[in-house]
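Notes follow once the structure below has been shown.
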Amino acid sequence: MWKKKENNSESQTSVNDKYKDRLFVFIFGREENKEWTLSLFNAVNGSDYVDPSLIEFNTLDDFLYMGMKNDVSFLVSYQMNLFEHQSSYNPNMPLRMLGYTGQLYSKYIADKGENEYGSTIIKLPVPKLIVFYNGKRNVEDEVILKLSDSFDEEHREESDIEVRVRMININYGRNEALLKASNPLEGYSWFVDKVREYTWQLESMSLESMSDDELKKNRAAILAKAVDRAVKEMPKEYVIRKFLRRHRAEVAGMLETEYDAIAVAEKFRLQGKKEGFQEGLQEGLKEGIEQGIEQGIEQGIEQGRLEERANTEREREGRLAAEARIKELQAQLAAQSK
């Protein structure tokens, strides 16, 4: 029997169904997996809640909330915990979390029947913002992302608002204590790590017999094989093992969707970097030509000045020599007349 730590406060969780195509939410955002969700919550917050019925999933209305698509949020006692999963590094999560938090507060106020225009202060749960990161970029076990990092450095201290997001690296082998504290999370981390490893192995072998275009066409089949192998080899101690075996087809489709999204984002990033380089090169050449012309003109003027001074000096020396010669001739004539 699951029991809750000494606290009888109402608890609620909201999940956006549109993100159920993401494996992380598919595992931790389902009614049947409330125990895993609670395990994840306890690991992150250092709590020991044991009653999964405390968690009630609720879907945000896309129309009402203008397309907001947060992953999972929990309202427990005085805390509102927003959980987001990222397969690529995103330093703009504080900005996104700011939007999510505002919408969740609006929903909270509406559900409680509070009046935000009234003269009585509304007691709000404290927001705790968490990002679970398992991308390929090497980042520290834990990083605090801040909204103020997006502000101009010279005026950063003038801001009247700050948002801090705790980004936790859940790649397998990182944050071992936290992963050990949540068996489902550790199992998820192990699984994703193995799928990546086996996908890379299969793609490497396929390169010997397939062109790049053929490899792209067969990517779904390759990923399905990697998922199948990872599911079969998953240690039995991981509680998500049976769930993944039962949903392996959906899991493969979700991972394919996530990997494609990451690949597209990377493609745009590299394309932008390439275009930026070309623009920078052209601008640099243009500036270099303009600077070269300016420098050439300046050097020409300076050279002219130098030559003018040299000519003036030669003229002065010539006059002095002529005057000296005249004086010499005058002296000779004076001597002869005597």
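Just to confirm a number: summing +1 for Lys and Arg and -1 for Asp and Glu over residues other than residue 121 whose beta-carbon lies under 15 angstrom from that of residue 121, what do you get? Don't skip to the answer; put the middle values down first.
Values: positive: 112, 123; negative: 114, 116.
Residues near residue 121 contribute 0 overall.
When you count, for each residue, the other Cβ atoms within 10 Å and take the mean per peptide, how do 42-51, 92-101 rank with the highest first? Show your work: numbers first, answer last.
On the way: 42-51: 15.6, 92-101: 18.2.
With the highest mean Cβ count within 10 Å placed first, the list reads 92-101, 42-51.
What is the extension gain from residue 32 to residue 121, computed as 0.36 nm multiplied by their sequence separation minus the C-alpha to C-alpha distance, in nm to one decimal? List each step's numbers first, then the result.
Working: separation 89, 0.36 × 89 = 32.04 nm, distance 3.77 nm.
Net length gain for the segment: 28.3 nm.
Under the Karplus relation 6.51 cos²θ - 1.76 cosθ + 1.60, θ = phi - 60°, what is the ordered set of whole-Hz ³J(HN,Hα) values for the range 159-170, x standing for Gly and Pro?
5, 9, 9, 9, 10, 10, 10, 8, 9, 10, 7, 10
As a quick test, which of the pairs 107/136; 107/242; 194/216; 216/242; 136/232 have an alpha carbon distance above 26 angstrom in this structure? Spell out each step's value before the answer.
Values: 107/136 35 Å; 107/242 36 Å; 194/216 20 Å; 216/242 30 Å; 136/232 24 Å.
Beyond 26 Å: 107/136; 107/242; 216/242.
What is the sum of charges around residue 150, taking Lys and Arg as +1, Asp and Glu as -1, for the other residues whose C-beta is under 12 Å from the C-beta of residue 150?
Numbers: positive: 96, 146, 156; negative: 149, 152, 153, 162.
Overall, the nearby charge balance is -1.
Sticking with the crude label model, points 7 Å out along Cα→Cβ, report the distance from residue 256 to residue 177 in nm, one decimal please.
With each label point 7 Å from Cα toward Cβ, the separation is 4.1 nm.
Name the long-range amide H neighbours of residue 132: under 5 Å, sequence gap of 5 or more, or other chain; modelled H, no Pro or chain starts.
Residues meeting the criterion, in which the H sits 1.01 Å from N, are 84, 85, 86, 168.
With r as the distance between the Cβ atoms of residue 248 and residue 42 and R0 = 22 Å, compute the FRET efficiency 1/(1 + (r/R0)^6) and round to 0.05. Walk me through the numbers before you get to the answer.
Numbers: r = 28 Å, r/R0 = 1.26.
About 0.20, to the nearest 0.05.
Could you pull out every residue, at least 5 positions away or on a different chain, whose amide H is within less than 5 Å of the one on residue 79? Hs are placed 1.01 Å off N in the peptide plane, and Pro or chain starts have none.
Result for residue 79 returns 126.
What is the packing order of peptides 127-133, 144-150, 239-245, taking the mean over residues of other C-beta atoms within 10 Å and listing the highest first? Before the final figure, lay out each step's value.
On the way: 127-133: 22.0, 144-150: 15.0, 239-245: 17.4.
Sorting 127-133, 144-150, 239-245 by mean packing, highest first, produces 127-133, 239-245, 144-150.
The range 142-233: which chymotrypsin sites (Phe, Trp or Tyr not before Pro) are DSSP loop and have at most 16 other beta-carbon atoms within 10 angstrom?
Of the chymotrypsin sites (Phe, Trp or Tyr not before Pro), the ones in loops of the range 142-233 whose Cβ has at most 16 other Cβ atoms within 10 Å are 151.
The numbers here are math on the coordinates, done by the rules we state, and not lab data. Predicted model, so just to flag it, every value in this text is computed and none were measured. Neighbour counts run over all protein chains shown; Cβ positions are idealised from the backbone, glycine included.
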